[in-house]
Amino acid sequence: MADYRKMWEDLGMDLETHDLLCEALPQAFGDVYLSQTNRPEGMSYYNFVVSEIHGVRPAELIEAQKKGVKVFGTFCLYVPDEVVFAAGGIATGLCGGSQFWVPAGEKVLPAAVCPLIKASVGARLNRTCPFFSLADIFIGETTCDGKKKAWEILSQDAPVYVMDLPQQKRAKDVAAWADEIRAFLAKTEEVTGNKVTAESLAAAIQLINGKRKALRRLYGFRKLPNPPISGKDCLLISQIAFYDDPTRFTEMTNKLCDELEQRVKDGVGVYGKNDKRLLFTGTPMAIPNWKMHHVAETEGAAVVGEEACTGIRYFDNLVDESQTTLDGMIDALAQRYMKINCACFTPNSARVDDIKRYVKEYHADGVVDINLKFCTLYDVEGYTVEKELKEAGIPVLGLETDYNDEDAAQLRTRIGAFLEMLKA
Ligand code: BJ8
């Protein structure tokens with residue numbers, strides 16, 4: 001990796017503690033990713049992005065900031081990136097996926113809060129993530145209780161703007177979300193000093209739809225009988241989608257898909273004939289949380305899809321591109337974003353319908369419903385998800401985990417037993 005110490009120092013980061021993270025990551029990445037055989041060559045781009053995770057992209061963002069561009073840090077799929085880009089800003093996903101940041105989060109948050117929230121707050125407070133240090137503003141949302149309260153703590157240290165997400169999906173809720181997007185648009189104009197126009201918003205909608213289409217194309221290969229790419233690699237690509245430059249990401253992902261097309265023609269797959277196909281559902285897996293995929297795929301499973309924000313939920317619906325006025329586009333954004341079926345909504349039966357549909361599309365033999373510890377929303381909804389899947393004759397295994405590796409052996413045993421059951 002190039003030397004970014006001066007950049008990190010200028011960002012006010014804690015270099016000594018950050019060094020510990022930099023030492024641990026290559027080993028973890030090597031064990032989980034580079035140990036795979038027969039990976040597509042196009043994965044070298046994503047390997048590079050991870051190897052420079054705290055260097056190359058932060059450096060690009062800082063360069064942009066020098067030219068007056070503002071960086072918006074986000075934590076949820078409902079925050080519309082399109083509006084940020086239309087205002088001439090850059091949106092970057094910030095969810096923390098490492099146990100490394102959890103203890104710092106626990107200094108200000110109760111231990112009984114989900115690790116994603118603790119790691120996100122911890123990464124900012126212990127100054128060991130350049131993305132958290134450089135963001136000009138953090139955009140929160142009212143999804144779960146833990147996040148809502150965490151924004152108040154984060155706002156003691158950095159500028160935070162919170163979008164008020166409705167918790168139901170009636171017409172008046174979609175209209176309320178459109179109003180929230182309008183207010184957010186005004187905020188992006190205030191922060192960037194730029195005006196959002198119908199032209200700039202239309203271009204941003206195309207930009208982000210382009211990214212979604214590339215991810216759709218990628219996931220299409222996972223539906224095939226002999227997938228040419230692993231679930232682990234697809235998870236990594238999904239995670240990188242949150243913070244990479246969208247134009248470059250789309251280009252590189254489409255390039256990878258061209259290679260995958262050729263692999264399919266040549267009959268090249270990455271799994272064994274008898275590997276059971278699993279669909280994961282549940283809470284997001286923020287980078288570098290690769291645990292569940294790694295356990296499953298080294299136990300002989302093929303993870304063929306994720307009904308998760310780091311997965312299908314991220315790209316499943318496109319924004320209607322036919323609108324020509326700013327108001328029409330904002331309504332189209334609201335319509336599209338309210339189609340995401342997060343457990344923060346009630347009722348949320350459409351999510352179970354999604355899961356059943358994905359089981360068919362991705363030809364899954366079974367579903368693993370994964371809950372991050374202390375995520376009450378997905379934990380409670382898990383009862384309905386698992387009950388309905390069982391009633392539909394779809395084998396399902398519910399698992400709870402967090403960011404540390406202490407439960408890896410136990411997870412391995414449970415997934416191994418589930419796979420045996422699927423084979424029987
Ligand atoms: S759209 S899943 S990104 S809220 S932080 S809810 S794990 S207790 S992240 Fe999420 Fe948006 Fe929904 Fe997706 Fe649970 Fe933790 Fe809350 Fe979480």
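The values are calculated or read from the model by the stated rules, or taken from the named source; none is laboratory data. Not measured: the values here are computed from a predicted model. Here the Cβ is made from the backbone with ideal geometry for all residues, glycine too, and neighbour counts use every protein chain on show. To get the accessible areas, we keep the full protein, side chains included, count just its heavy atoms, and leave off ligands, DNA and RNA. Shrake-Rupley method; radii C 1.70, N 1.55, O 1.52, S 1.80 Å.
Checked against the criterion of being open to solvent by 80 Å² or more (accessible area, probe 1.4 Å) and within 16 Å of the ligand (Cβ to nearest atom), the range 349-370 contains not a single residue that satisfies it. Would you point out the residue of the range 393-407, among those that are open to solvent by 30 Å² or more (accessible area, probe 1.4 Å) and touching a residue at least 12 places away in the same chain (Cβ under 8 Å), that is farthest from the chain's Cα centre (by Cα)? Filtering the range 393-407 for residues that are open to solvent by 30 Å² or more (accessible area, probe 1.4 Å) and touching a residue at least 12 places away in the same chain (Cβ under 8 Å), the one farthest from the chain's Cα centre (by Cα) comes out as 395.
Would you confirm whether any residue within the range 43-51 is open to solvent by 20 Å² or more (accessible area, probe 1.4 Å), touching a residue at least 40 places away in the same chain (Cβ under 8 Å) and farther than 20 Å from residue 122 by Cα? Yes, that holds for at least one residue. Kindly indicate the residue of the range 63-85 that is part of a helix (DSSP H, G or I) and farther than 26 Å from residue 116 by Cβ and also least open to solvent (accessible area, probe 1.4 Å) among those meeting that condition. If we take residues in the range 63-85 being part of a helix (DSSP H, G or I) and farther than 26 Å from residue 116 by Cβ, then 64 is least open to solvent (accessible area, probe 1.4 Å). Can you find a residue in the range 227-247 that is open to solvent by 50 Å² or more (accessible area, probe 1.4 Å) and either within 21 Å of residue 36 (Cα to Cα) or of a type in the set (Lys, Arg) (or both)? The answer is no, given that none of the residues of the range 227-247 is open to solvent by 50 Å² or more (accessible area, probe 1.4 Å) and either within 21 Å of residue 36 (Cα to Cα) or of a type in the set (Lys, Arg) (or both).
Residues that are closer than 27 Å to residue 374 by Cβ, at pLDDT 95 or above and in a loop (DSSP other than H, G, I, E, B) do not occur anywhere in the range 172-194. Selection within the range 90-149: residues that are of a type in the set (S, T, N, Q) and under 16 Å from the mean Cα position of the chain (by Cα). The member of this set that is surrounded by the most Cβ atoms within 10 Å (Cβ to Cβ) is 120. Scanning the range 312-334 for residues that are within 16 Å of the ligand (Cβ to nearest atom), under 21 Å from residue 164 (Cβ atoms) and not small (Gly, Ala, Ser) yields 313, 333.
Within the range 123-153, the set of residues being of a type in the set (Gly, Ala, Ser) and within 13 Å of the ligand (Cβ to nearest atom) comprises 140, 146, 150. Counting the residues of the range 1-15 that are surrounded by 17 or more Cβ atoms within 10 Å (Cβ to Cβ) and aliphatic (A, V, I, L, M) gives 3.
Inspection of the range 99-122 identifies no residue that is more than 14 Å from the ligand (Cβ to nearest atom), closer than 25 Å to residue 206 by Cβ and either part of a helix (DSSP H, G or I) or among the aliphatic types (A, V, I, L, M) (or both).
Would you confirm, using the coordinates I've provided, whether residue 24 is open to solvent by 40 Å² or more (accessible area, probe 1.4 Å), more than 16 Å from the ligand (Cβ to nearest atom) and either touching a Gly at 6+ places or on another chain (Cβ under 8 Å) or outside any loop (DSSP other than H, G, I, E, B) (or both)?
Against the criterion (open to solvent by 40 Å² or more (accessible area, probe 1.4 Å), more than 16 Å from the ligand (Cβ to nearest atom) and either touching a Gly at 6+ places or on another chain (Cβ under 8 Å) or outside any loop (DSSP other than H, G, I, E, B) (or both)), residue 24 qualifies.
Per-residue answers, yes or no, for (1) within 16 Å of the ligand (Cβ to nearest atom); (2) under 22 Å from residue 400 (Cα atoms):
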{"position": "220", "(1), (2)": "no, no"}
{"position": "242", "(1), (2)": "yes, no"}
{"position": "247", "(1), (2)": "no, no"}
{"position": "256", "(1), (2)": "no, no"}
{"position": "268", "(1), (2)": "no, no"}
{"position": "271", "(1), (2)": "no, no"}
{"position": "290", "(1), (2)": "no, yes"}
{"position": "310", "(1), (2)": "yes, yes"}
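Of all residues in the range 383-392, at least one satisfies being modelled with pLDDT of 95 or more, within 23 Å of the chain's Cα centre (by Cα) and open to solvent by less than 30 Å² (accessible area, probe 1.4 Å). Suppose the filter is of a type outside the set (Asp, Glu) and under 30 Å from residue 267 (Cα atoms); does residue 35 pass it? Yes; evaluated as a whole, the condition is true for this residue. Looking only at residues in the range 334-348 that are more than 17 Å from the chain's Cα centre (by Cα) and of a type in the set (S, T, N, Q), the one that is surrounded by the fewest Cβ atoms within 10 Å (Cβ to Cβ) is 346.
Do we have residue 191 as in contact (Cβ under 8 Å) with a residue 24 or more places away in the chain, within 30 Å of residue 124 (Cβ to Cβ) and either surrounded by 17 or more Cβ atoms within 10 Å (Cβ to Cβ) or within 21 Å of the chain's Cα centre (by Cα) (or both) here? When the stated conditions are applied, residue 191 passes them. The residue that is nearest to residue 186 (Cα to Cα), among those in the range 154-166 that are within 14 Å of the ligand (Cβ to nearest atom) and part of a loop (DSSP other than H, G, I, E, B), is 164.
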